[in-house]
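Contents: one structure, followed by commentary.
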Amino acid sequence: MASNVPRFTSFRPKPNSVVEPAQAAGPKVKDARTTKNDNLAQDTERRSHVAESEARSLYLIDRKGDPSNLKYGTIDRYSVPSYRRYGYGSILGDSKGLKIDRDLSTEKQLVLVLPLSRQQGRPLASKHATTQNVRSTRLIRAVTESQEQQAPDFIAISRKPKKTRESDDDSHGAALELNHPGLEKMEDQDAISDSDLEYESEAGSDPQDAEITQKNALLTQASRERPEDLRAWLDLIDHQEKMLTLDRKKLAELSPTDKRHLAEVKISVYEQAVRKIGKNADHQIKLQLGLLDEAAKFWEHDKLSSKWTDVLAKYPNNRAVWTKYLNFVQTSFATFKYEQCRSIFQRCLKAIQNCATATETEISLYVLVRMTTMIQQAGYQELALAIWQALLEFKLLRPPQGSDQDFLGLFEEFWDSEVSRIGESGAKGWAAFDAENGSAPPLLTASLAAPVFQADDIEEFRRREIEHMKKLRFPGRTADEVGEDDPFHMILFSDIEGCLDILPQTDSRELILGAFLCYCSLPPLIQKVPHQPKWWTDPLLCCQVLNSTTHQEQSTTLLQTIHQFIRSGSQQFSMTAELLFDHGFDNVPASLDVAHIRYALKMLAADDAIGESIGEYLLAFESRLLPSEVTKTAKQLLKLKPTSLRLYNAYGLVESRKGDSVKADLVFSTALSMNKCASPFATPGSLQLFSSWVWEALRKGNSIEALWRLVARGTFLQGRETGLLGQDYSSATQHVALSALLQYLFNDGNVDVALAVFNDLSDWFMKHNMSTSEAAELHAQETVKLITYHAQTAAIVRPALLRTTLESLIATFPNNAIFLATYAANERRFSIDDRVRGIVYDKVLTQGKATSISGWFFAIHYEMSRGELAGSTTHSVRALFKKAEEDVGAHCPGLWTSHVLFELEQAKMGREKRPNKKPRKDGSKRKEETRLEEAQRRVKETFFMGMQRLPWCKDFMMLAFTHLKEGILTREELRKVYNVMVEKELRLYVELEMDDK
């Protein structure tokens, strides 16, 4: 085979070249006899060549010229080498190691970083990394001369907008200019350096960004074409947040710089809207208040105060302006003084009196609740309680005939007699007062411990101050020996006279009672017509404190888990009798005087003119807080009002919650047999009584008995139509709930049939623009009540049933505690818990104006209850606290107190984990000691930040002496806290004399 292989001449190896003897010897060996003069000669020759090359590089003779000048008309920019100045990114006078970060810096803020830290950054893991939407390009096909000469068969329209506006646009003023960094970046990227490239079609870009930009253009055009349209301006202002995040694929959290820029943009639009909206006072006020809300975030106090002075001078009698101004005065740490703030509240009440509107009573009561709550939290609790005692006596327990002006002199005589007043033992009311045979004033039997002089004067101050706050709650009398040397303890008639004539003479008894209960931090009354004022959702009135533990024991059943979430979170829902007994008094304040509230409720319940709602409320109050007295009280009330079916229903609920189902059934059936009307539910209270009787059978597990009770009463559709025609939506909702329950039990637990009945009424509410009304919320609660019962009793339950139903309801009522608690309880049974986080962030904690403090309370409580195994940590809980404090909870006493106690609990846990070992020889700290110091530092920072946000709240500042004096705050810092309370004119019973140590 070797002979068959062809051989080519080119493959033959080349002959070896003959190596000369001098070359084969290898490299020259340096002669050791080389002298020093030879080296100097070589150096001189090398330097001369370098000098000649440098001299030639200084100038160049070009006889041909640059061809790029003929081709481009200028030099080729790609031939110009890129260069940077020496010290690029440095600042003259600053450290040489610091450089300007071009990515993080803005036009108004420079960010300096070290080059080493900049190189070691991780862009994908950094929270500052921004996603850039880079549009793809493509090559352009070259156009020949013949194609250019061909005339097109269409008329080209330029896409470039005109730079100048017509004369008709000039009449509206200057064009609206909105400076968004996202838009600027997009405009800069529109230019392509290469003329042979063009952008591809917009189909590849983000359609959501294009939609946002197009909507902004339409809103801007609408504000120009219709400058008097308020809705157009408000929509444009609300749209600016989406415009700010235009270059981001996700609506990330805004940084402080972004928030400042967003506020500046909104303020600019507000100012233009104020100039162009016209002379409509309502529109001007709404825009001015919106401008002040944005300005409060970043304007200096002097500038903001000057703006408020101008607005008040222009609208001196507008209640909306006054209520907003109260927030500014009460929450301003720099200028808050108790006496000044109280006088402004009184001026506000006088201004509201000049507004003769239908809602004057509700607005006046809201301002009164705000004022008395501020007075009580500032330490003047006797004055706050005396105002409510006088108002309840003067409006609800007055003699039968006469006007307010006629009764002022008589009431002054009643007050100066110092007899027992409402809420005190032995009180009979002003109507039963006899000036000649009046009873002796009650004596204060409490005694104060004598001061103990000891080394720890801080502990002595804490003990005596808390003792005075607990025992000196009621207004003092002249005969009292306790507190006689305190000028603020005894309240004269002149101190409360200005609050007696702030309300009109209209019958507003339930509103006055509701305002008093809101002042006491108690749940509202049950209204016949679903209506609950928004007082209970005001962050400045919320004093609820969350449990500071980050993990709680999980309940075994679905209903127990729901009750746990409702009990620990914020209670915002439409109140019913069943909910009042089950959850109404879950979060009663620890400082509440139960005996005082009980005396006041019993006196009001005995009055025939007030109604049955207060008696029902009293039974629910005693059922939870005084269970040993509730049966006796129920019999007394039924003896006074033997025909009240509403009281019988409350008494049956009392026995049911005590566990005596047989007696509860007897009460319900006996009361229903008293109804002698031809129509089954014509008597007031009979429908609610029948519903409680049916559900009592279901509570015992007897669904057959519940079905027979429903069938015996017949159909409920007629009652639904009657209620809707008569606008009695509460009755219509209850009829629909009973009809759905009947269909559910009759069809062997088919929940889809029952939901169809509920959906019919929901569609009716939708058609009549009532889908977000309080009646619709009550109807939704009945829906959740039935599907919760189905989830408890059915053999097979689809988890998606509760999930899909609740998600739609939460989207409509995002702050309803029952919907949120049921959704969280349903999802806790499965391994995927992030659904709760998702719906809370998307629906509840939105950045819109509907965000409520109750939603933040639920989110924080849920995060605490999850535990570390489910993905919750102390850092996630802390982050929620901070977000809430930057939102509607910025001035909420309950939120700040909960945050401080949470940080304190973490510091205590860190102290327990610290090992009891000797310090290291090198003096370095252990990891546990460093973590403990950080935890203590967080407690201190949170407390001082809360002091700045709550300058009127003495209870919060007293945490420094009750909780933080050991291991957190030093003696000097405690002294500063005391000085702040003195400076803000807060009430202090004991003077602290502390020497510097």
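Determine which member of the set Glu211, Glu228 is surrounded by fewer than 18 Cβ atoms within 10 Å (Cβ to Cβ) and not in a helix (DSSP H, G or I).
One residue alone meets the criteria, Glu228.
How many residues, within the range 369-409, are open to solvent by 10 Å² or more (accessible area, probe 1.4 Å), more than 19 Å from Asp538 (Cβ to Cβ) and polar (S, T, N, Q)?
4
Test of understanding: among Arg713, Arg646, Arg699, which residue is open to solvent by 20 Å² or more (accessible area, probe 1.4 Å), charged (D, E, K, R) and closer than 22 Å to Glu622 by Cα?
One residue alone meets the criteria, Arg646.
Name the residue, out of Glu553, Glu578, that is at pLDDT 90 or above, open to solvent by 30 Å² or more (accessible area, probe 1.4 Å) and over 23 Å from the mean Cα position of the chain (by Cα).
Glu578
Pairs please, first residue from the range 705-725 and at negative phi, second anywhere and part of a loop (DSSP other than H, G, I, E, B), Cβ atoms under 7 Å, 6+ apart in sequence or on different chains.
Arg713/Pro680; Gly719/Phe681
Let's see how each residue does on (1) in contact (Cβ under 8 Å) with a residue 60 or more places away in the chain; (2) among the hydroxyl-bearing types (Ser, Thr, Tyr); (3) part of a helix (DSSP H, G or I); (4) open to solvent by 40 Å² or more (accessible area, probe 1.4 Å):
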{"residue": "Glu912", "(1), (2), (3), (4)": "no, no, yes, yes"}
{"residue": "Pro919", "(1), (2), (3), (4)": "no, no, no, yes"}
{"residue": "Lys925", "(1), (2), (3), (4)": "no, no, no, yes"}
{"residue": "Glu934", "(1), (2), (3), (4)": "no, no, yes, yes"}
{"residue": "Glu941", "(1), (2), (3), (4)": "no, no, yes, yes"}
{"residue": "Phe944", "(1), (2), (3), (4)": "no, no, yes, yes"}
{"residue": "Val977", "(1), (2), (3), (4)": "no, no, yes, no"}
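So how many residues does the range 783-812 have that are in contact (Cβ under 8 Å) with a residue 24 or more places away in the chain and either open to solvent by 20 Å² or more (accessible area, probe 1.4 Å) or out of contact with any Phe, Trp or Tyr (no Cβ under 8 Å at 6 or more places or on another chain) (or both)?
Looking only at the range 783-812, we keep the residues that are in contact (Cβ under 8 Å) with a residue 24 or more places away in the chain, and these are 783-794, 799, 801-803, 805, 807, 809-812.
Pick out the ones that are also either open to solvent by 20 Å² or more (accessible area, probe 1.4 Å) or out of contact with any Phe, Trp or Tyr (no Cβ under 8 Å at 6 or more places or on another chain) (or both) and you get 785, 787-789, 791-794, 799, 801, 803, 805, 807, 809, 811-812.
Count: 16.
Among the residues of the range 324-339, write down those that are under 12 Å from Trp308 (Cα atoms) and either in contact (Cβ under 8 Å) with a residue 40 or more places away in the chain or of a type outside the set (A, V, I, L, M, F, W, C) (or both).
The answer is Lys324, Tyr325, Leu326, Asn327.
Can we say Leu724 is in contact with a helix residue (DSSP H, G or I) (Cβ under 8 Å, 6 or more places away or on another chain), of a type outside the set (S, T, N, Q) and over 15 Å from Val694 (Cβ atoms)?
Details: in contact with a helix residue (DSSP H, G or I) (Cβ under 8 Å, 6 or more places away or on another chain): yes; of a type outside the set (S, T, N, Q): yes; over 15 Å from Val694 (Cβ atoms): yes.
In short, yes.
Can you tell me how many residues within the range 319-352 are farther than 21 Å from Arg987 by Cβ, open to solvent by less than 60 Å² (accessible area, probe 1.4 Å) and not aromatic (Phe, Trp, Tyr)?
Looking only at that region, the number is 8.
Considering the range 851-864 alone, what residues qualify as being under 12 Å from Ser876 (Cα atoms), open to solvent by less than 10 Å² (accessible area, probe 1.4 Å) and not hydrophobic (A, V, I, L, M, F, W, C)?
Result: His861, Glu863.
Restricting attention to the range 716-769, and to residues there that are of a type in the set (Val, Ile, Thr) and farther than 24 Å from Leu672 by Cβ, which single residue is least open to solvent (accessible area, probe 1.4 Å)?
Within the range 716-769, the subset of a type in the set (Val, Ile, Thr) is 722, 733, 736, 751, 753, 757.
Filter once more, so that each one left must be farther than 24 Å from Leu672 by Cβ: 751, 753.
Values: Val751: 10, Val753: 47 Å².
Among those residues, the one meeting the criterion is Val751.
Pairs only if they're at least six apart or on different chains, beta carbon under 9 angstrom, first in the range 755-766 and within 17 Å of Asp728 (Cα to Cα), second open to solvent by 60 Å² or more (accessible area, probe 1.4 Å); list them, first residue then second.
Going by the 9 Å Cβ cut-off, the qualifying pairs are Phe765/Thr772.
Do we have Asp955 as open to solvent by 60 Å² or more (accessible area, probe 1.4 Å) and either of a type in the set (Gly, Ala, Ser) or in a helix (DSSP H, G or I) (or both) here?
yes
Need a quick list: helices (runs of 4 or more DSSP H) entirely within the range 740-845 having at least 1 residues that are aromatic (Phe, Trp, Tyr).
Helices (runs of 4 or more DSSP H) meeting the threshold: 751-767, 774-793, 817-828.
Just one of (1) closer than 20 Å to Gly514 by Cβ; (2) in contact with an Asp or Glu (Cβ under 7 Å, 6 or more places away or on another chain) trips up Val367, so point out which.
(2)
Could you tell me which residue of the range 683-715 is modelled with the lowest pLDDT, considering only residues that are closer than 16 Å to Phe581 by Cβ and small (Gly, Ala, Ser)?
Once the filter is applied, the top-ranked residue is Gly685.
The values are calculated or read from the model by the stated rules, or taken from the named source; none is laboratory data. Owing to the predicted nature of the structure, the values given are computational and were not obtained by experimental measurement. Neighbour counts are summed over all protein chains in view; Cβ atoms, including those assigned to glycine, are modelled from backbone coordinates with ideal geometry. Protein only, heavy atoms only, side chains kept; ligands, DNA and RNA dropped before computing areas. Shrake-Rupley method; radii C 1.70, N 1.55, O 1.52, S 1.80 Å.
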